[in-house]
Each structure stands twice: as structure tokens, then as C-alpha cells.
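Please read the structure below before turning to the comments.
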There are 2 protein chains.
Amino acid sequence: MREIEAKNLPDMARGAAVLGTGGGGDPYIGRLLAQQAIDRHGSVPLIDIEELPDDAVVIPTAFMGAPTVMLEKIPSGSELTGALQAVEHLIGKQATHTVSIEAGGMNSMIPFVAAAELGLPLVDADGMGRAFPELQMLLPTLGGIAATPMALADERGNIVSLRTADNKWAERFARSATIEMGCSAAVSLYVLSGKQVKEFMVHGTMSLCQRIGAAIRESAQAHLDPVAAAADLLDGRCIFRGKLVDVKRGTAGGFARGEAVLDGLAGDLGSRMGISFQNENLVAARDGVVVASVPDLICILDTDTGEPVTTEMLRYGLRVSVIAAPCDPRWRSPQGLELAGPGYFGYDHTYVPV
Amino acid sequence: MREIEAKNLPDMARGAAVLGTGGGGDPYIGRLLAQQAIDRHGSVPLIDIEELPDDAVVIPTAFMGAPTVMLEKIPSGSELTGALQAVEHLIGKQATHTVSIEAGGMNSMIPFVAAAELGLPLVDADGMGRAFPELQMLLPTLGGIAATPMALADERGNIVSLRTADNKWAERFARSATIEMGCSAAVSLYVLSGKQVKEFMVHGTMSLCQRIGAAIRESAQAHLDPVAAAADLLDGRCIFRGKLVDVKRGTAGGFARGEAVLDGLAGDLGSRMGISFQNENLVAARDGVVVASVPDLICILDTDTGEPVTTEMLRYGLRVSVIAAPCDPRWRSPQGLELAGPGYFGYDHTYVPV
């Protein structure tokens with residue numbers, strides 16, 4: 001266990017946005033929200049997964065919706081505690097811990113807000129080892145854990161609670177409620193026991209985020225290659241270096257969807273790359289050939305500074321590098337690929353692991 | 001208090017469909033559902049509103065959605081108890097009674113299903129004195145009563161619960177959940193104390209339905225005018241008699257919306273009538289002039305048999321008569337007109353009471 005203070009947040013948010021693969025929300029806004037909560041309520045204990053009692057009641061929190069919208073409709077924080085407390089009411093138990101369901105600039109920071117406001121310790125883990133756009137795409141789903149009882153809350157005080165037949169139904173109802181809430185909502189879902197967290201979540205994600213964020217910062221300060229530093233910690237490699245020459249985007253079905261096109265600036269890595277995204281980067285094709293795809297990680301970083309570039313920040317002229325990195329091995333099982341592989345997203349190529 | 005048996009249902013369902021002004025669901029399906037529940041569990045006590053204790057916990061039940069869909073996707077009944085029990089869980093209290101929120105072929109019968117299955121007495125009342133398409137359009141809304149905590153349930157076992165900032169937000173979230181459920185859902189909402197039922201609901205609606213249904217049946221059997229018999233009990237008058245020559249309809253935003261055109265067959269009542277509907281009949285224009293509109297009742301009856309014709313049953317060639325009848329006086333207040341007057345539905349004519 002260690003206490004996370006406001007000064008630890010910038011590295012952690014930066015690293016989380018790298019693991020967020022374009023989605024998971026903006027690291028700047030995420031960090032500000034967590035910082036405000038810690039300034040108000042004090043530091044948050046981050047506990048190792050091994051320290052978690054098997055009978056702990058772990059209630060995760062997150063934001064759901066289109067990240068493009070969250071840039072302008074900034075969460076207040078009170079929605080989050082509203083969502084978590086609605087779940088407590090549904091299950092008739094109080095949370096002993098909270099945890100992040102996905103790694104992402106906002107969704108790794110948001111649990112600090114809930115933890116600080118409610119005085120809960122945060123578990124050093126997450127449910128994906130990355131970010132994914134739909135709520136059933138969690139490793140606990142592969143373990144048969146129900147996403148519901150879940151609750152969504154907005155800044156007006158509206159609470160929508162769900163108990164659904166399966167996790168895809170939870171996604172359907174939650175998505176339509178999120179759209180009514182203005183395309184962003186605080187959510188609390190996937191109530192887990194300590195034992196289930198140990199079995200089904202990814203261990204040490206928050207610490208990994210912090211290490212990645214620190215490595216990028218230190219490499220950039222030392223005028224070394226921050227992209228290479230991040231790729232090393234991700235066990236991945238740089239698959240493209242170039243300039244953003246086109247972005248198509250729209251907010252459809254409650255998601256930020258679109259495609260980015262890069263022109264190559266490093267000849268040996270190809271001359272053109274297209275990256276399609278649905279909140280997160282899904283598929284990267286280099287000179288017409290798919291070179292990385294979900295469930296593996298496709299991370300876009302600013303070439304000079306190593307700062308992660310979320311899909312909503314993509315704009316003409318950016319000089320970026322693209323890292324491809326392996327996902328948690330459980331995503332590569334047949335069940336994992338069915339849940340979040342290229343076929344689920346409508347692509348017909350066969351998944352080739354990075 | 002009197003016991004309602006299966007043999008009492010046909011008259012009551014027929015009369016309810018008249019008050020349903022085209023909406024509120026199909027009386028045949030509604031009656032079959034109620035009959036099945038009474039056959040299985042025994043008769044249902046219908047109690048006068050005066051017999052209701054002030055501290056009663058009254059939890060209404062209904063079906064929400066597009067009646068056109070309910071003709072093909074027939075409710076099973078178990079959704080209803082699921083919705084009511086979800087509300088009980090939210091409020092931490094058990095229902096002592098149930099009641100209808102609106103008069104309608106299905107929505108006056110549905111509470112018998114909940115009452116029979118859960119062993120609850122049914123209160124002889126409803127929340128509108130007619131049917132309206134949106135869930136905030138209840139007299140209790142005028143009294144400041146919250147529609148939520150509410151719950152929606154479907155045949156798959158999905159439950160969506162709501163606590164909202166106001167009743168229009170309840171409508172928004174409930175409508176989008178209903179659409180995800182396939183455009184029809186069992187709902188339970190507007191938890192009322194016995195005292196609130198007495199103050200804010202319409203007294204004696206179920207008995208009035210039964211009287212209207214019996215009068216129509218008896219007039220038709222005696223080869224008298226069943227339309228006139230219904231109009232008498234509604235304090236209304238026949239405003240048109242004709243043949244249906246056109247129906248435009250669509251299922252949009254979770255509602256059955258459209259317009260019917262009638263050619264006159266009784267010269268003194270005009271030569272053409274257009275009736276626009278959103279689940280319920282909203283506005284009747286005779287030879288281009290609005291002659292009746294919400295919140296007053298516009299009821300379409302088969303001219304020969306007096307059987308009520310719901311909007312989803314409208315089809316070319318039907319010989320029908322149109323009754324206009326006054327609504328509950330509370331709907332004619334400025335607040336009532338704001339909630340369910342022609343302006344709310346996008347019409348710019350001034351409301352002229354029938």
C-alpha cells in the first residue's frame with residue numbers, strides 16, 4: 001500500500017492515456033478531477049491486489065460516453081458518488097474498495113475521485129489492461145461476472161439503474177441512457193469480491209501507468225526517444241512515424257467514430273498509415289496491410305514529447321508515432337477475441353498478434 | 001369493495017378502450033391477459049377510493065410503448081410483477097394496493113394482472129381519466145408527485161430503474177429504455193400514498209369503464225345507437241360519422257404516430273375529418289377546422305357495433321363515429337394545458353373546450 005498524492009497524478013494520467021489506446025478520456029481533465037478530489041479530501045491509498053481481502057466489496061467507477069463530448073461537458077464529480085451509492089443501494093452492501101475498469105486518461109483518474117470522496121482505498125488493477133469502447137468488453141465478462149447491478153448518473157441528479165439478462169444488454173441500455181444524459185455519464189458497475197478482482201482483473205495497472213508516464217517524461221527531458229521508452233515498458237514496438245494528414249470523425253451511436261490518415265516520415269516504416277477508431281484505436285493498416293488490431297494496443301504518441309494523443313485530439317499536422325503492443329493474453333483466447341476481436345467490430349481480417 | 005371476476009372484464013375492457021381515445025392498448029389482448037391472471041389466481045377485489053387507507057402504499061403498473069408493437073409482441077405478465085417488485089426494492093416498502101395510471105384497453109386491464117399475481121386489491125381510479133402518450137402526463141404530476149422511483153421490465157428479465165430530476169426526464173429515459181426493449185415494456189411508477197391517490201387521481205374510472213362497456217353492448221344488442229349510449233356516459237357528443245379513407249402511420253421515437261382521414265356519411269356533421277394521433281387521438285379537424293383536441297377526449301367507435309377503434313386498428317373502409325367528450329377539469333387548468341394541451345404536442349391552435 002502506498003499513498004497517492006496530487007504530485008503522482010501527472011505521470012499516472014499520462015501513462016494511462018497511453019494504455020487507453022486513443023480512448024478512455026482526456027488525461028488532462030482526468031488529472032484535474034483527481035487532483036481536485038485529493039486536494040479536498042487528502043491522499044488516496046493505492047493497494048496491491050495481494051493486499052485485498054477475498055471478501056472485499058469492490059465497486060468500480062468510470063465515465064461512459066463519447067470522449068469528444070467530455071472535453072466540453074466536464075464531469076463535476078458528484079455524479080460518480082451518486083452512481084456508486086446507487087449500486088450500494090441495489091446490492092444492499094457498502095463498498096470497501098474501488099477500482100478502475102479500464103486504463104485511460106480519464107478512466108484511470110476517475111476512481112481517485114470516488115476513492116477520495118468516499119474514503120475508499122483504490123486497488124492497483126483494472127479490468128482490461130487497456131481501454132475498450134463497450135462496457136461488456138471487460139476481462140471479468142470472460143469470467144462470467146455480471147456487469148449489473150449497475151447505475152448511471154448525470155449532473156442533473158438523474159440515476160438510471162440496470163439489472164440485465166447479460167452484459168451486452170447492459171451495454172445497450174447503458175448506451176441509450178448515456179445518450180439521453182448528453183453522451184457522457186458517470187457509471188458504477190461490475191461489483192466484484194476481492195477474490196474475483198484477483199482472478200479476473202489485470203494486476204498492477206495503476207503502477208504500470210505511473211512507470212510509463214514517468215519514463216516518457218524523463219526521456220523527453222533528457223532529449224532521448226520517449227516513444228521508445230514507452231514501447232519498451234509496453235513490450236511493444238513503433239510501427240509508424242509520420243504526420244497526420246486527414247481525420248474523419250463523427251459522434252454516432254454515442255461513440256466518437258472515425259479514421260485518421262498519416263503520411264510517413266520514417267521511410268523504413270512505410271509511407272502511409274490509416275487508423276480507424278471507435279473511441280479507441282481499433283485497426284492500423286500500413287500501406288494497405290493491417291499491421292495491428294484489437295485486442296492488441298495501438299497507441300498514438302506525439303513524436304517529440306511522447307505525450308499520448310487521444311482520438312479526440314487528432315488533428316491535421318500533428319507529428320506522431322504509433323506503437324503496437326500486445327494485449328493481456330486472456331484477450332487472445334477464442335472467447336476474448338469473440339468479445340473484443342476485429343470480427344466483433346465488423347472487420348473481416350484474421351487477428352495476427354503483435 | 002366488490003370482486004371482479006373474469007366475466008366482468010369484457011365490458012370493462014371495452015369501456016376502457018373508449019376512454020383510451022385510440023391509445024392505451026388493445027382491449028382484446030388486455031382482457032385476455034387479465035382473464036388468464038384471474039383464472040389462475042382468483043378474482044380481484046376492486047375497492048372504492050374512499051375505502052383506501054391514507055397510509056396505503058399504492059404502486060401502479062402499466063405497459064409503455066407503441067401499441068402497434070404490442071399487437072405482435074404480447075406481454076407475458078411476469079414482466080409486470082418484475083417491474084412492481086423492482087420499485088418495492090427501490091423504496092424499501094411493499095405495495096398494499098395497485099392502480100391503473102391511465103384508462104385504456106390494455107392499461108386498465110394490466111393492473112388486474114399485477115393485482116391477481118401479487119394478491120393486491122385494485123383501486124377504482126386512474127391517473128388521467130383517459131390515456132395520454134407520455135408518462136409525465138398524469139394528474140399527480142400537477143400535484144407535484146414524482147414519477148420515480150420507477151422501473152421498466154421486459155420479457156428477457158432486464159430491469160431498468162430510474163430516479164430522475166423531474167417527470168419529463170423520467171419520460172426521456174423510460175422511452176429510450178422502452179425502445180431498446182423492443183418498443184414495449186412493463187412499467188411501475190408514481191408510487192402514491194392512499195391520501196395522494198384520493199387527492200390527485202380520477203375516482204371511479206374502472207366502474208365508469210364497466211358502465212360504458214355495458215351500455216355499448218346492450219345498445220348494440222337492442223339495435224339502438226351504441227355510439228349515442230357511450231357519448232351520454234362520457235357527457236360528450238358525436239362530432240362526425242363517416243368512412244375511413246386514408247391512414248398514414250409510422251412507429252417513430254417509440255410511439256405510433258399518424259393521421260386518419262374520414263369521409264362524411266352524415267351530411268349535417270360535415271364532409272371530411274382528419275384525426276392526428278400519437279398513440280392517442282390528439283386533434284380532430286372537420287372540414288379544415290379544429291373541433292376537438294387534447295386534453296379533451298376524441299374517441300373513434302365502430303358505427304354499427306359501438307366497439308372502440310384504437311389507432312393501431314384504423315384501416316381503410318371502417319365505418320366509424322367520432323365522439324368528443326370533456327376531460328377531467330384539472331386538465332383544463334393552465335398547468336394542465338401546459339402538460340398535455342395542444343401546444344405541448346406542437347399544435348398552434350388555441351384550446352377550445354368541448
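Each reported figure results from applying straightforward, stated rules to the coordinates on display, with no laboratory input. Since the structure is predicted, the reported quantities are computational estimates derived from the model, not experimental observations. As a convention, Cβ positions derive from the backbone with ideal geometry for all residues, glycine included, and neighbour counts pool all protein chains shown.
Structure notes:
- As computed over the range B:165-230, the Cα convex hull volume per residue (Å³): 152
- Between this copy and the others, label points of B:GLY288 are 6.5 nm apart in ascending order, each placed 7 angstrom from Cα in the Cβ direction.
- Prolate/oblate/rounded call for the range B:2-205, Cα gyration tensor, a/c under 1.5 rounded: rounded
- Test item: B:162-169 mean partner chain Cβ contacts at 10 Å: 5
- Plainly put, the tip 7 Å out from Cα toward Cβ on B:ILE74 is 5.7 nm from that tip on each other copy, the closest given first.
- Largest-first principal axis extents, alpha carbons of the protein assembly as shown, Å: 98, 50, 45
- Other residues lying with their Cβ under 14 Å from the Cβ of A:GLU5 contribute a combined charge of +1, Lys and Arg counting +1, Asp and Glu -1.
- Cα gyration tensor shape of the range A:227-340, rounded if a/c is under 1.5, else prolate or oblate by comparing a/b with b/c: oblate
- Of A:SER276, B:SER161, the sequence from fewest to most neighbouring Cβ atoms within 10 angstrom is A:SER276, B:SER161.
- Anisotropy class of the range B:184-266 from Cα gyration tensor, a/c 1.5 cut: oblate
- Shortest-first distances to equivalent copies, position B:ARG315, nm, label 7 Å out along Cβ: 5.9
- Relative to one another, the C-alpha centroids of the range A:58-129 and the range A:276-347 are positioned 24 Å apart.
- 10 Å beta-carbon shell around A:MET109, net charge (K/R +1, D/E -1): 0
- For the segment A:175-181, counting C-beta atoms of other chains within 10 Å of every residue's C-beta and taking the mean gives 4.
- For a paramagnetic label modelled on B:ASP166 (point 7 Å from Cα along Cα→Cβ), amide N atoms under 20 Å away belong, within the range B:136-158, to B:136-150.
- Per residue Cα convex hull volume in Å³ - calculated over chain B: 116
- Under 12 Å, Cβ to Cβ, from A:GLY341 - net charge with Lys/Arg +1 and Asp/Glu -1: -2
- Against chain A, whose longest principal axis comes from its Cα atoms, helix A:205-221 is set at around 40 degrees.
- Counted by neighbouring Cβ atoms within 10 Å, the residues A:GLU280, A:GLU51 run from fewest to most as A:GLU51, A:GLU280.
- Sequence of A:TYR347, A:TYR28 once ranked by neighbouring C-beta atoms within 10 Å, starting from the fewest: A:TYR347, A:TYR28
- Our summary gives chain A a relative contact order of 21 percent, counting only alpha carbon pairs under 8 angstrom and 6 or more residues apart.
- Amide hydrogen neighbours beyond the local backbone of A:GLY23, cut-off 5 Å, H modeled: A:ASN281, A:THR311
- With all pairs of different C-alpha atoms in the average, the Kirkwood value for the hydrodynamic radius of the range B:277-354 is 13.2 Å.
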